[in-house]
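No lab work stands behind these numbers, since they all come straight from the coordinates. Here the structure is a predicted model, which is why all the values come from computation and not from measurement. Positions of Cβ are backbone-derived with ideal geometry, glycine not excepted, and every protein chain shown enters the neighbour counts.
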Amino acid sequence: MAIDYTEYAPHPKQRLFHKSCANEIFFGGAAGPGKSRALREQALNYCMEIPKLQAYFFRRTTNELEENHVIPSKLEFPGPPICMYKEQKKRWEFSNKAMLHFCHAQYVKDVFLRQGAEIHVLFVDELGTFLEFMYKYLRGRVRCTIPIPDEFRNKIPGIYCAGNPGGPGHQFVKNTFITSAPANEIWRTPRKEGGMLRQFIPALLEDNPTLEDVDPGFKDRLDGLPEPYRTAYREGDWDIFLGQMFEFNSRDHVIKPIPVPGDAPLYMTFDWGFGKPYSTGWWWVDNDGRIYRFSELYGMRPGQEDVGLRETDPEIADRIVQREKDLGIWGRDIKRLADPTCFNKKPDLMGGGQGPSTAEEFAKKGIVIEPGDANRKLKIRQFHQRVRVMRNQDGSAIDAPMMMVYDTCKDFIRTIPALQADLGNVEDVDTTYEDHVYDETSHICMARPMAGQQPGQGQSIFSRITT
């Protein structure tokens, strides 16, 4: 891809972005590698080379769009007679009849303004500030009926995005681009995901030597940010992000499976669900009071996040029994804690009146549960204490946190980092997110409160294994 309309000289990571044969790309990570500039240059090049092209460039708000792209584009783009910016229409118009539209989508309803648009190429900056639905809706507007030169035929229609960790769309960006395939690998997505050639190109500040030469102090200012800002912006770490409710990350909290000690106290925690997923977790406790999630059973329909299996209580109980037999713990002394609503009688739709509760149905299968403490104010404090990482001045962990998770517990690892604070009550979790694992896990946090207990008071099994 020839980019010679401006004084832009792409660095290797930017050049990889421009030359990629993928047509759904996320160029992201740390602050400062030149992501936004690369997006603008890609858009300019396409508009210069492809007559009648309709390119759309999105940021979440008009202020962000104006400050980060409209103003810079006026300084960078060649201008008349090649192209002219139309202030009222918020778009660049090119002499070959191509157009680059600058758009915002502050609210979900704003994406519907593009319902009739034929978006030949879509650019989205700071993708994590967008909700998953907004991105998927805009992706559904991407199509092309104009003639495309052979050089660009495999890249248009196309989608080009950039961003840092954080924001309300963090988890969907992570699932869509970061963890779905190895970095820099190009792969074909299934039809339900758009069927495009997708690629994640990671980038760090060091990938932009121009910025380091012009402003060498920028690196130090990033390093001087408080956590989790430093980790998100300096390292591009997708396991820690801004807006995260709990200090949970794969580096500090997730371990490879280790044998469950034969004499360790065992717990099972359960949160009921039917239309939404139910969540079951199994835990063991070490001599230091540290809890280990070693298995889980999450009742979610495959490929449909936050959609339940709609299984009956006996069916769920059968799954639990089979899982414990597979784990070799069936018959051991297990303290089982569940959502208090599991003890409510349910309507008997066949015979009228009231039918057995979840607790009664479970008991028939040999699973005797007790009501967990669902106090929202207290359980969130206990959860915070459990996942808290005590650190040295250099940022290294003093000891393992008081909650560890086996890497086989995929739904815990997927959903807990995605939880964010309720904007109406910052001391509570926003329940519009997938919080079933959190609700279930809170039962063991409340059953084993940490008042007066700090990591490092004893030598945990985890410490003995890893030292």
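Judged by the gyration tensor of its Cα atoms, with axes a ≥ b ≥ c, segment 46-154 is oblate; a/c meets the 1.5 cut and b/c is at least as large as a/b.
Sorting 49-57, 130-138 by their mean Cβ neighbour count within 10 Å, with the most densely packed peptide first, gives 49-57, 130-138.
Tilt of helix 376-387 relative to the longest C-alpha principal axis of the chain, in degrees (0 to 90, nearest 10)? Once rounded, one gets 80 degrees.
Each of Arg381 and Ile258 was given a label point 7 Å from its Cα along the Cα-to-Cβ line. The distance between the two points is 3.1 nm. Determine the sum of side-chain charges near Thr231: Lys and Arg each +1, Asp and Glu each -1, restricted to other residues whose C-beta is under 9 angstrom from that of Thr231. Local charge sum for Thr231: -2. When Rg and Dmax are taken over the Cα atoms of segment 250-466, they come to 17.7, 65 Å.
Using C-alpha pairs under 8 Å with a sequence gap of at least 6, the mean separation divided by the residue count of the chain gives a relative contact order of 14 percent. Among Thr408, Thr441, sorting on how many other beta-carbon atoms sit within 10 Å of each Cβ, with the fewest leading, yields Thr408, Thr441. Taking 7 Å steps out from each Cα toward its Cβ at Glu315 and Lys19 produces label points 5.3 nm apart. For the cross-link pairs Lys35/Lys90; Lys345/Lys365; Lys35/Lys74; Lys276/Lys346; Lys325/Lys377, which exceed 24 Å when the distance is taken from alpha carbon to alpha carbon? Long pairs (Cα-Cα over 24 Å): Lys325/Lys377. Shown is the FRET efficiency for Glu227 and Asn287, computed with R0 = 30 Å from the Cβ-Cβ distance and rounded to the nearest 0.05: 0.50.
Extension gain, Phe112 to Thr6: 0.36 nm times the residue separation minus the Cα-Cα distance gives 34.8 nm. Dividing the mean sequence gap of close Cα pairs (under 8 Å, 6+ apart) by how many residues segment 81-179 holds gives a relative contact order of 26 percent. If you model the chain as an ellipsoid using its alpha carbon gyration tensor, with each semi-axis the square root of five times an eigenvalue, the axes come out at 48, 27, 18 Å, biggest first.
Take the Cβ atoms of Ala183 and Lys345, set R0 to 60 Å, and the FRET efficiency comes out at 0.70. The calculated Kirkwood hydrodynamic radius for segment 235-280 is 14.4 Å, given to one decimal from all distinct C-alpha pairs. The angle between the Cα long axis of helix 35-49 and the longest principal axis of the Cα atoms of the chain comes to about 40 degrees, rounded to the nearest 10. Charge tally around Lys364: other residues with Cβ under 11 Å, Lys/Arg +1 each, Asp/Glu -1 each, net -3. With angles folded into 0 to 90 degrees, how steeply does helix 313-327 sit against the dominant principal axis of the chain? Use alpha carbons for both and round to 10. It works out to around 90 degrees. With neighbour counts taken as other beta-carbon atoms within 10 Å, the residues Glu76, Glu118, Glu296, Glu151 rank, fewest first, as Glu151, Glu118, Glu76, Glu296. What the Cβ-Cβ distance of Val307 and Arg332 gives, at R0 = 25 Å and to the nearest 0.05, is a FRET efficiency of 0.15. Over all other residues within a Cβ to Cβ distance under 12 Å of Arg332, the charged ones net out to 0, with Lys and Arg as +1 and Asp and Glu as -1. DSSP bridge analysis restricted to the chain gives an antiparallel fraction near 45%, rounded to the nearest 5.
A helix-only calculation puts the chain at -7500 deg cm²/dmol for mean residue ellipticity at 222 nm, using -39500 (n - 2.57) for each DSSP H run of at least four residues, averaged over all residues. Of all lysines in the structure, the ones whose alpha carbon falls short of 19 Å from that of Lys136, not counting any fewer than 8 places away in one chain, are Lys109, Lys155, Lys174, Lys192.
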